[in-house]
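A short reminder: the numbers here are calculations on the coordinates, not readings from a lab. Predicted, not measured: the structure shown is a model, and the values here were computed from it. Reconstructed Cβ throughout: ideal geometry from the backbone, glycine too, with neighbour counts over all protein chains shown.
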Amino acid sequence: MSQVISKDGIPVTAPPVFKSTELVAKLISAGSAACVAEAITLPMDCAKIKLQVEGGTLASTLRTIAATDGAKGFFRGLVPGLHRQLGFCTIRLGLYDTTKDFYMKHTPLNEGFPLRFAAGISTAVAAVCIAQPTEVVKIRMQAAKAGTVRYKGTLSAYYKIGVTEGTRGLWSGLGPNITRLSICNIGEVVTYDTVKTAILRKGWMNDAFPLHFTAAVCAGAVTTTLTSPVDVVKTRYVNSSPGEFRSPIQCAGVLAREGGFKIFYKGCVPSFFRITGWNLIMFMSYEQLRKVVSRKLKSY
């Protein structure tokens with residue numbers, strides 16, 4: 001804190017000059033909480049990716065990963081996964097409330113689901129357009145055949161994809177991932193916000209751990225149901241060889257002919273546990289971190 005001179009000529013401590021304390025606290029807390037959740041739930045995500053690419057059962061997939069790659073196989077893609085969360089969640093969650101406030105001031109939208117929907121879609125699109133290369137690298141590292149090393153490391157993957165496939169390769173799957181993350185943001189952030197606000201207004205719970213837990217479980221269940229079909233198409237499309245599919249829609253058509261409707265929910269069991277667990281860890285960490293970081297920033 002700086003010192004200023006009062007009218008009496010006495011030096012006094014000036015109040016903190018930090019106009020965006022809450023926004024900065026939300027950005028820091030969102031990215032940090034997402035990284036914690038990513039590190040803890042990554043093993044289930046690796047199993048989900050393997051199921052979607054290679055097929056089989058959850059049990060057989062877990063056994064294969066453990067037998068061929070050991071414990072490190074369950075954390076393949078951790079570094080790009082953390083990159084992804086820092087890029088994606090910092091924007092889609094950290095800017096969510098700010099975007100809502102912007103729309104309330106500059107559009108006819110008032111507090112309610114349409115406002116939350118618009119804010120959720122907007123932040124999701126922005127996040128994917130900026131951070132899509134992290135998604136591509138994460139999926140390709142996780143989907144590598146058992147016992148093989150597709151890239152020497154995360155930076156090597158970014159470099160190799162950029163050199164061999166250009167920006168088109170680094171941003172491959174942009175369309176389906178915009179669709180998926182938009183749906184995901186509605187399922188996660190919008191559902192969490194809606195459930196939490198409704199319960200608080202009814203007076204059923206206080207703004208504390210039980211409420212955060214309940215809202216996070218609801219968000220996980222909704223997200224799994226909404227995103228599984230898009231996630232399957234995105235994973236297959238991003239991990240395909242150049243020219244294998246003309247478009248995500250054609251990829252979805254091929255998958256439907258191969259396995260029918262049920263193929264779009266392949267890997268949904270580990271996906272449910274992973275997404276629900278991720279939401280529980282992320283939102284509860286976020287709520288606590290936001291309070292702590294906000295207090296720290298205000299003290300400077």
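Using Cα pairs closer than 8 Å and at least 6 residues apart in sequence, work out the relative contact order for the chain, in percent. Intermediate values should be presented prior to the final figure.
Values: 395 pairs, mean separation 79.6, N = 300.
Relative contact order comes out at 27 percent.
Based on DSSP H runs of at least 4 residues, each adding -39500 (n - 2.57), what is the mean residue ellipticity at 222 nm of the chain after dividing by all its residues, to the nearest 500 deg cm²/dmol?
Mean residue ellipticity at 222 nm (helix-derived): -25000 deg cm²/dmol.
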Where the only charges are on Cβ atoms (+1 Lys, Arg; -1 Asp, Glu), what is the dipole of the range 167-232 about its Cα centre, to the nearest 20 debye? 100
Expressed as a rounded percentage, what relative contact order does the range 105-187 have, with Cα pairs under 8 Å and six or more residues apart? 46
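Measure up K50/K72; K138/K298; K160/K266 against 25 Å on the Cα-Cα distance and list the ones that go over. It would help to have the intermediate numbers written out before the result.
Values: K50/K72 15 Å; K138/K298 36 Å; K160/K266 30 Å.
Violating the 25 Å Cα-Cα cut-off are K138/K298; K160/K266.
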Hits among lysines - C-alpha to C-alpha of K296 under 21 Å, sequence gap 8 or more where chains match: K19, K26
Taking +1 at the Cβ of each Lys and Arg and -1 at the Cβ of each Asp and Glu, which of Q85, T134, P108 sits farthest along the dipole of the range 73-207 towards its positive end, judged by Cα position relative to the Cα centre? T134
Out of A219, G260, S156, whose Cα points farthest toward the positive end of the dipole of the chain (charges: +1 Lys, Arg; -1 Asp, Glu; placed on Cβ)? S156
Determine the dipole magnitude for the chain: charges of +1 sit on the beta-carbon of Lys and Arg, -1 on that of Asp and Glu, nothing else is charged, the reference point is the Cα centre, and the result goes in debye to the nearest 20. 380
The percentage of Cα-Cα pairs in the range 166-215 separated by more than 18 Å is 49
In debye, nearest 20: dipole of the range 119-254 around its Cα centre with unit charges on the Cβ of K, R (+) and D, E (-)? 360
Along the three principal axes, how long is the range 107-229 when you take its alpha carbons, biggest first, rounded to the nearest angstrom? 56, 37, 24
Any idea what diffusion coefficient the range 75-119 gets from Stokes-Einstein, in µm²/s, Kirkwood Rh on alpha carbon pairs, 25 °C, 0.890 mPa s? 206
Which ³J(HN,Hα) values, rounded to whole Hz and listed in residue order, are derived for the range 38-44 from phi using the Karplus coefficients 6.51, -1.76 and 1.60 in 6.51 cos²θ - 1.76 cosθ + 1.60 with θ = phi - 60°, glycine and proline given as x? 4, 5, 6, 9, 4, x, 5
